[in-house]
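> If you scroll down you'll find the structure; I have some questions about it.
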Amino acid sequence: MTKHQNWGKSVVVGGSYAGLVTARVLADFFDEVVVLERDPVDEDTGSHPGAPQGYHAHAMLAKGGEVLEKLFPGLREELRAAGAPVFDYGEGIDFLLPAGTAPRTRTGVEIQTFTRDELERRLRRRVLALPQVTLLPGTSCTGLVRDGQGRVSGLTYRRSEDEGEGGGRSAGRTIELAADLVVDASGRSSALEGWLGKLGVTVPEQRTVKAKVTYTSMNFDRPEEGHPDFFVAYQMLFAPRVARAGVLLAVEGGRWTCSLFGFQDQPPTDDAGYLEFAHGLDNPHLAEQLARRTVQEPTYRYTNVDNRWRPYHLVKDWPDRLVAVGDAVCVFNPVYGQGLTVAAMEADLLHRMLGRRRAAGRGLDGAARDFQRRVGRMLLAPWTLSTNSDLMWNPSQQPAGARFAHWYNTRLFRVAVKDAAVWSRFVQVVNMTASPVVLFHPVVAAKVLAAAFMSSGGGR
């Protein structure tokens, strides 16, 4: 390929959030981008029908917001015009930590809150408006195609309109689609591991850390008059003492989104039980706003929140011209709000890698394996954050690293509620704009160790 010339065709399996942001990236490098989507979606579809967690509170961390704004310029203002607020994380969130309420102070970390439904609808409209992108809804991918050099050269699929009577498939309706690059963005139900097995490629065992957390969520009206002095009210889960928690987010359309969480304790879906559960939280703001509601949308429950990582970065014979992104690779417990941001970061990584290859006049061979390895390194920090916390609910499965992290965080929170500078560092790490290393800076570590000394009685 000559310098700055586009490649031919790429195919994305999955048209939900990760598939959309990846298709947007590919449109900068391929003449044609085909999105295969199992469900009957179009440009007016909001949250993906196959994403049950789409009804629940979503957090786009600051890093994810930065990436989306780069890929979709003006998106933030577009969402703001619809009523999705933009605010400083420290000033706009009433955050109840296990040690008390976090400082309400400026952190320099700006975030925006909205529903998954609104975000995905606006992304889908923008992506489908790109001349390079073609959507094939009602399409199920059935496997991969390999060429004589062992590279993935396309895939096979079926259209739902080709199903025979009684739900059976019509014979001979499998279609082969050639591609220069195939991307699996089909989410947690991805069949990629099975497709690789048929090609003789073995994937190491999936890593799983169970969360045992249930979410129950609803949207309801947010009054224009008497609006509180926060856009988010939050009480975090924290093993083993805080087993009930919740979050309240101001979202577009003059509404609140409320999600209640329970570890081995399912928040009710009936109105009276839902409000009673909220009243039992130590952050009173959730129950206060719930009690004021006059209009509400349906209540949804979600229980499938386990952390799962398919370690594709460890596959030694990973096929060329194939990459996997988003939940097809790694699923996080959504209580930490990392999934949307990680998928955006993966798309940004792909953009940078393809950009360098095109500028150097290089082809695609070798890019896929390199990408998956880089994704593996990228996932390590958010995976560790999520799973270390979830492991602390199970006394029989607590590796030394998780126990130390829990010990350190417990004392870090005691410092953060009194020290705005430490709180700001924590906010940066949570929003993935800074490495977790900043929480172990000598200045912070000294304060944490001093807090541990005082709590042990050494300060008497």
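> For the range 366-422, which residues satisfy the criterion of being of a type in the set (Lys, Arg) and buried (at least 16 other Cβ atoms within 10 Å of the Cβ)? First the steps, then the outcome.
If we filter the range 366-422 for residues that are of a type in the set (Lys, Arg), which is where we start, we get 369, 373-374, 377, 403, 411, 414, 418.
Of everything in the range 366-422, those that are of a type in the set (Lys, Arg) and buried (at least 16 other Cβ atoms within 10 Å of the Cβ) turn out to be Arg369, Arg374, Arg411, Arg414.
Residues checked against (1) in the same structural domain as Val25 (by TED's automatic domain parsing); (2) buried (at least 20 other Cβ atoms within 10 Å of the Cβ):
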| site | (1), (2) |
| --- | --- |
| Pro284 | no, no |
| His313 | yes, yes |
| Lys316 | yes, no |
| Val335 | yes, yes |
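> Which residue pairs have Cβ atoms under 6 Å apart, sit 6 or more places apart or on different chains, and have a first residue in the range 376-398 that is within 22 Å of Arg241 (Cα to Cα) and a second that is surrounded by fewer than 19 Cβ atoms within 10 Å (Cβ to Cβ) and among the polar types (S, T, N, Q)?
Filtered contacts from the range 376-398: Leu391/Gln397; Leu391/Gln398.
> Would you please name the residue that is surrounded by the fewest Cβ atoms within 10 Å (Cβ to Cβ), looking only at residues in the range 113-136 that are assigned to a loop (DSSP other than H, G, I, E, B) and either modelled with pLDDT under 95 or touching a strand residue (DSSP E or B) at 6+ places or on another chain (Cβ under 7 Å) (or both)?
Only one residue tops the list, namely Gln132.
> Among Arg356, Arg310, Arg373, which is touching a helix residue (DSSP H, G or I) at 6+ places or on another chain (Cβ under 6 Å) and farther than 23 Å from Ala62 by Cα?
Criteria check complete, one pass: Arg373.
> Another question, then. Looking only at the range 353-365, how many residues end up being crowded, with 16+ Cβ neighbours inside 10 Å and part of a loop (DSSP other than H, G, I, E, B)?
Of the residues in the range 353-365, 1 are crowded, with 16+ Cβ neighbours inside 10 Å and part of a loop (DSSP other than H, G, I, E, B).
> Anything in the range 48-100 that is in a strand (DSSP E or B) and either within 19 Å of the chain's Cα centre (by Cα) or among the β-branched types (Val, Ile, Thr) (or both)? List them, or say none.
If the condition is that a residue be in a strand (DSSP E or B) and either within 19 Å of the chain's Cα centre (by Cα) or among the β-branched types (Val, Ile, Thr) (or both), then Met60, Val86, Ile93 are the ones that fit.
> Quick check on my filter: what residues within the range 234-256 are farther than 14 Å from Val335 by Cα and crowded, with 17+ Cβ neighbours inside 10 Å?
Answer for the range 234-256, where residues must be farther than 14 Å from Val335 by Cα and crowded, with 17+ Cβ neighbours inside 10 Å: Ala250, Val251, Glu252, Arg255, Trp256.
> Looking only at residues that are touching a strand residue (DSSP E or B) at 6+ places or on another chain (Cβ under 8 Å) and outside any strand (DSSP E or B) in the range 181-194, which one is nearest to Ala272 (Cα to Cα)?
Arg188
> Same structure, new question: Quick check, is Asp317 closer than 30 Å to Ala18 by Cβ and either within 24 Å of the chain's Cα centre (by Cα) or assigned to a helix (DSSP H, G or I) (or both)? Before the answer, list the steps.
On the way: closer than 30 Å to Ala18 by Cβ: yes; either within 24 Å of the chain's Cα centre (by Cα) or assigned to a helix (DSSP H, G or I) (or both): no.
No; evaluated as a whole, the condition is false for this residue.
> Right, next: Restricting to the range 170-187, and then to whatever is surrounded by fewer than 17 Cβ atoms within 10 Å (Cβ to Cβ) and in contact with an Asp or Glu (Cβ under 6 Å, 6 or more places away or on another chain), can you tell me which residue is modelled with the lowest pLDDT?
The extreme case among them is Ser170.
> Can you tell me which residue in the range 99-112 is surrounded by the fewest Cβ atoms within 10 Å (Cβ to Cβ), limited to those that are among the β-branched types (Val, Ile, Thr) and closer than 26 Å to Gly254 by Cβ? Spell out how you get there, then give the answer.
Step one: filter the range 99-112 for residues among the β-branched types (Val, Ile, Thr), giving 101, 105, 107, 109, 111.
The next check asks that each one be closer than 26 Å to Gly254 by Cβ; those that pass are 109, 111.
Details: Val109: 21, Ile111: 23.
It comes out as Val109.
> Within the range 64-98, how many residues turn out to be charged (D, E, K, R) and crowded, with 17+ Cβ neighbours inside 10 Å?
Count: 4.
> Could you tell me which of the residues Val25, Val21, Val41 is touching a residue at least 24 places away in the same chain (Cβ under 8 Å), touching a Leu at 6+ places or on another chain (Cβ under 8 Å), outside any helix (DSSP H, G or I) and assigned by TED's automatic domain parsing to the domain that holds Ala129?
Exactly one residue qualifies, and that residue is Val41.
> Moving on to the next point. In the range 375-431, which residue that is of a type in the set (Ser, Thr, Tyr) and out of contact with any His (no Cβ under 9 Å at 6 or more places or on another chain) is farthest from Val213 (Cα to Cα)? Give the steps one after another, and end with the answer.
The first filter runs over the range 375-431 and keeps only residues of a type in the set (Ser, Thr, Tyr), leaving 384, 386-387, 389, 396, 408, 410, 424.
Add one more test, that the residue is out of contact with any His (no Cβ under 9 Å at 6 or more places or on another chain), and what stays is 384, 386-387, 396, 408, 410, 424.
Values: Thr384: 18, Ser386: 13, Thr387: 13, Ser396: 18, Tyr408: 23, Thr410: 20, Ser424: 28 Å.
The selected residue is Ser424.
> Name, by its number, the condition in (1) within 24 Å of the chain's Cα centre (by Cα); (2) farther than 21 Å from Ala402 by Cα that does not hold for Asp180.
(1)
> Of these, Phe371, Phe413, which one is among the aromatic types (Phe, Trp, Tyr), closer than 23 Å to Val109 by Cβ and modelled with pLDDT of 95 or more?
Sole residue among the options that is among the aromatic types (Phe, Trp, Tyr), closer than 23 Å to Val109 by Cβ and modelled with pLDDT of 95 or more: Phe413.
> Also, I was wondering about something else. Which condition does Ser153 not pass, out of (1) of a type in the set (Gly, Ala, Ser); (2) at pLDDT below 95; (3) assigned to a strand (DSSP E or B), if it passes all the others?
Every condition holds for Ser153 apart from (2).
> If you check Gly457 against the conditions, is it of a type outside the set (Asp, Glu), at pLDDT below 95 and either part of a loop (DSSP other than H, G, I, E, B) or over 22 Å from the mean Cα position of the chain (by Cα) (or both)?
Considered against the rule, which asks whether it is of a type outside the set (Asp, Glu), at pLDDT below 95 and either part of a loop (DSSP other than H, G, I, E, B) or over 22 Å from the mean Cα position of the chain (by Cα) (or both), Gly457 comes out as yes.
> Taking the condition of being touching a residue at least 12 places away in the same chain (Cβ under 8 Å) and within 20 Å of Leu322 (Cβ to Cβ), how many residues in the range 135-148 meet it?
9
> Are any residues in the range 195-246 part of a loop (DSSP other than H, G, I, E, B), farther than 29 Å from Cys258 by Cβ and touching a strand residue (DSSP E or B) at 6+ places or on another chain (Cβ under 9 Å), and if so, which ones?
Listed by number, the residues that qualify are Leu199, Gln206.
> Let me ask something additional. In the range 238-262, which residues are of a type outside the set (Lys, Arg), farther than 19 Å from Tyr89 by Cα and in contact with a Pro (Cβ under 9 Å, 6 or more places away or on another chain)?
Across the range 238-262, the qualifying residues are Phe238, Pro240, Val242, Gly254, Leu260, Phe261.
The values are calculated or read from the model by the stated rules, or taken from the named source; none is laboratory data. Fair warning: this is a prediction, and the values are worked out from it, not measured in the lab. All Cβ positions, even for glycine, are placed from backbone atoms using ideal geometry, and neighbour counts span all protein chains on display.
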